[in-house]
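**Student:** The structure follows.
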Amino acid sequence: QVKLVESGGGLVQAGGSLRLSCAASGSIFSINVMGWYQQAPGKQRELVATITSAGSINYADSVKGRFTISRDNAKNTVYLQMNSLKPEDTAVYYCMATVFTRTYWGQGTQVTVSS
């Protein structure tokens, strides 16, 4: 079992920045991929960015150049630095982690970008 706890969401004006954090606990030695997904009202949950235990990174095209994912394996924490935020980035952001074939999710944190 892996428990994920997110923090750092909030309300920000367009062009601003936020930093999300996600701390993992439990069977953390088996975690491979960690990352972030977003879900806007009425839409499906979509990939934002992922990072493997070896450091390989994948971004959604919509956030490339604006968001940066990083991971501190010693703290079992993954971060998402979000810059140049746009109103269309407004969503609930979910942390995820994979252990072998199982995916775990955090409770989600709201990010609202006002125009």
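The values are calculated or read from the model by the stated rules, or taken from the named source; none is laboratory data. Remember, it's a predicted structure, so these values are computed and weren't measured experimentally. Cβ placement follows ideal geometry from the backbone for every residue including glycine, while neighbour counts extend to all protein chains displayed. Side chains included, ligands, DNA and RNA excluded: accessible areas come from the protein's heavy atoms. Shrake-Rupley method; radii C 1.70, N 1.55, O 1.52, S 1.80 Å.
**Student:** In whole Hz, what ³J(HN,Hα) sequence does segment 61-69 give by Karplus (6.51, -1.76, 1.60; θ = phi - 60°), x for Gly and Pro?
**Tutor:** 4, 5, 10, 4, x, 10, 10, 10, 9
**Student:** So what is the accessible area of the chain per residue, in Å², with the probe set to 1.4 Å?
**Tutor:** Each residue of the chain exposes 53 Å² on average to a 1.4 Å probe.
**Student:** Sticking with this structure for a sec: How big is the charge dipole of the chain about its Cα centre, in debye rounded to the nearest 20, if each Lys and Arg gets +1 on its Cβ and each Asp and Glu gets -1 on its Cβ?
**Tutor:** With only Lys, Arg, Asp and Glu charged at Cβ, the dipole is about 120 debye.
**Student:** So, with a 1.4 angstrom probe, what is the percent of accessible area on the chain that is carbon and sulfur?
**Tutor:** Carbon and sulfur atoms account for 49 percent of the accessible area of the chain.
**Student:** Further question: Name the chymotrypsin sites (Phe, Trp or Tyr not before Pro) in segment 7-115 that are in a loop by DSSP and that have at most 14 other C-beta atoms within 10 Å, would you?
**Tutor:** 100
**Student:** Which of the lysines could be linked to residue 86 by a straight reach, that is with a Cα gap under 16 Å, when you skip same-chain ones fewer than 8 residues away?
**Tutor:** Within reach: 64.
**Student:** Expected output is a single nm value to one decimal: the length gained when fully extending between residue 101 and residue 1, i.e. 0.36 nm times separation in residues minus the C-alpha distance. What is it?
**Tutor:** Result: 34.8 nm gained on full extension.
**Student:** With every protein chain present, what accessible area does residue 72 have (1.4 Å probe, heavy atoms only), rounded to the nearest 10 Å²?
**Tutor:** That residue has around 50 Å² of solvent-accessible surface.
**Student:** Suppose accessible area is computed on protein heavy atoms with a 1.4 Å probe; arrange 18, 11 from highest to lowest.
**Tutor:** Result of the area sort, largest leading: 11, 18.
**Student:** Then there is this: Any idea what the relative contact order of the chain is, in percent, if you count C-alpha pairs under 8 Å spaced at least 6 apart?
**Tutor:** Relative contact order comes out at 37 percent.
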